[in-house]
1. Among (1) of a type outside the set (Val, Ile, Thr); (2) open to solvent by 100 Å² or more (accessible area, probe 1.4 Å); (3) at pLDDT below 90, which single condition is LEU132 missing?
2. Return only the number of the condition from (1) near the ligand (Cβ under 10 Å from one of its atoms); (2) within 17 Å of VAL477 (Cβ to Cβ) that SER412 does not satisfy.
3. Scan the range 356-378 and give yes if some residue there is surrounded by fewer than 21 Cβ atoms within 10 Å (Cβ to Cβ), modelled with pLDDT of 95 or more and within 14 Å of the ligand (Cβ to nearest atom), otherwise no.
4. Being of a type in the set (Val, Ile, Thr), open to solvent by less than 10 Å² (accessible area, probe 1.4 Å) and farther than 21 Å from LYS438 by Cβ is the filter here; which residues of the range 320-355 pass it?
5. How about the range 410-495: which helices (runs of 4 or more DSSP H) wholly inside it have at least 1 residues that are farther than 30 Å from PRO237 by Cα?
6. Does at least one position in the range 262-284 carry a residue that is aromatic (Phe, Trp, Tyr), within 23 Å of ILE531 (Cβ to Cβ) and within 16 Å of the ligand (Cβ to nearest atom)?
7. If a residue has to be under 19 Å from ARG392 (Cβ atoms), of a type in the set (A, V, I, L, M) and either within 12 Å of the ligand (Cβ to nearest atom) or crowded, with 18+ Cβ neighbours inside 10 Å (or both) to count, how many in the range 453-478 make the cut?
8. Could you please find all residues in the range 177-219 being open to solvent by 100 Å² or more (accessible area, probe 1.4 Å) and among the aliphatic types (A, V, I, L, M)?
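The values are calculated or read from the model by the stated rules, or taken from the named source; none is laboratory data. Note that the structure is predicted; figures quoted are calculated from it, not measured. Cβ placement follows ideal geometry from the backbone for every residue including glycine, while neighbour counts extend to all protein chains displayed. Note: accessible area is taken over every heavy atom of the protein model, side chains too, but ligands, DNA and RNA are not part of it. Shrake-Rupley method; radii C 1.70, N 1.55, O 1.52, S 1.80 Å.
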Amino acid sequence: MTHAKVLRWLRTVVVALYIFCLLSQWEGRVISAWLPIICGSSFLLSEYLHPTYRPIFSRLSPSPSNAAAALVHLPLCLPHASDNNTSGIRLINLVMVTMTSVTLGDVRVVRSVDVQSYVGLKPSTARKSVSLLRRTETRPLMVVRASKEGDISVKSSGLSIEESEAAAVAGNFPDPPPPWRPSAPKGTPNVKPLPLTRRPRRNRKSPTLRDAFQETNLSASNLVLPLFIHEGEEDVPIGAMPGCYRLGWRHGLLEEVYKARDVGVNSIVLFPKIPDALKVCMFIQVSTIFFIFKYEVCCTFLFIQSQAGDEAFNDNGLVPRAIRLLKDKYPDIVIYTDVALDPYSSDGHDGIVREDGVIMNDETVHQLCKQAVSQARAGADVVSPSDMMDGRVSAIRAALDAEGFQEVSIMSYTAKYASSFYGPFREALDSNPRFGDKKTYQMNPANYREALVETEADEVEGADILLVKPAMPYLDVVRLLRDNSALPIAAYQVSGEYSMIKAGGALKMVDEEKVMMESLLCIRRAGADIILTYFARQAASVLCGMKSK
Ligand code: PBG
């Protein structure tokens, strides 16, 4: 049966119920039949009658869950439906706040009257390795290797230090090393040395020299670990990003942060997976029963609060709660947050979507300011607007300052490109744009100079750190920013870059660990001070001389 058929069928049932209920009213029997009336009418109203909301619904394709949106409410109104005192005109207000998430082609319903109660989850039952979490101190085990084995071409005399000293006192100095002429493979042509004044290979001839002249270094303090969190208890693996999980905010998150700190990574950035139910469109349904003499008249008003991601600045939302928990457990941790509406919007866009699909700039900035302030209030150290709206850095700075958060930094996604490398991330957060793409706000991958325009704006507006994203395919842009700004530069090695290296390693096409370390070093070489990377913990383990897994 097609969705359309199911829907038609359900509508018939709803209408039949409606008529049945009306009839039973007139017989003087007050039954709890208001429920289907309320539900049915709001359903019909929402879908057909209200011209204002039609554009919103026109984005929905009919589906069975669409009908469920109307029907699932039933139990909610039961307690209210039995008052049949009918003298004069009385008003009983049935206020049902029904949250419905609207996704393109799908409407789902949460059984909730109270937003707060949805937020508060059951206490954790599974608390494994609590003892592990009690340990708060970190042990950054930095192993420095003076030289690497191999590469040794001159044989030592084998004397101990005392023997060498005695020999020297006696006037027996060791012979100079014999001119070293190891044999070349047979058939190597015998040529006169080239008359070169500059032979750059001289500076690469031994591990010690190579290490001495190494221009760029990578350390755990350069790494920021992005973490996905959700409301659940379990850590759910992310299919397209092996080794990454949607972490339970109360347990998995703390454990992961503990492990990261253990290898010296003390900076994290949080990305929430918001339950569909809390995404953008919220329906407020107010049903009123008028008792006019003996007759009850039921009115249902349906307000759609198209609130454009209000959950994004709920002080008790997932991100602020996680920040408070982390700061309580690890006070010295540095927490970066993502400022954008996409995890909170059923459209998957970073800003508020107008009816005609346009992403509204200034209105979005207004919301982002509230989001940043809410994160700062929870204890975030660095808020990072990743939305690419114009003017958001100065607006956020002003909003933070006005609330007394002068010390909270802004890491601006200065040059964020409309990249296909974000694919696995969007799977992780279920934040794929439901329509269109992000090209009206994220930058065109073909553009280089434009990054300077963004850089200038962000500097003037008061950004503390400038970020380029993705990293590896955009190293030229990292360098461009490095050379044109004195501010610290961050680069985001995004999900697609991570997944490709993981896949190449799993297929034994490349050496995962070496390619990982090289990619990070190269991003540093291009000019990044810090790197946001899903490899942060694994790479830091390698830097500690530990096995990477
Ligand atoms: C959106 C956001 C995205 C990423 C970080 N913040 C995705 C997007 O712009 O759609 C992607 C990160 C990654 O791919 O690792 N605010």
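1. (2)
2. Only one criterion is unmet by SER412, namely (1).
3. Scanning the range 356-378, I find no residue that is surrounded by fewer than 21 Cβ atoms within 10 Å (Cβ to Cβ), modelled with pLDDT of 95 or more and within 14 Å of the ligand (Cβ to nearest atom), so the answer is no.
4. ILE323, ILE333, ILE335 - these are the residues of the range 320-355 that are of a type in the set (Val, Ile, Thr), open to solvent by less than 10 Å² (accessible area, probe 1.4 Å) and farther than 21 Å from LYS438 by Cβ.
5. Qualifying helices (runs of 4 or more DSSP H): 450-461, 475-484.
6. yes
7. Of the residues in the range 453-478, 5 are under 19 Å from ARG392 (Cβ atoms), of a type in the set (A, V, I, L, M) and either within 12 Å of the ligand (Cβ to nearest atom) or crowded, with 18+ Cβ neighbours inside 10 Å (or both).
8. VAL191, LEU194
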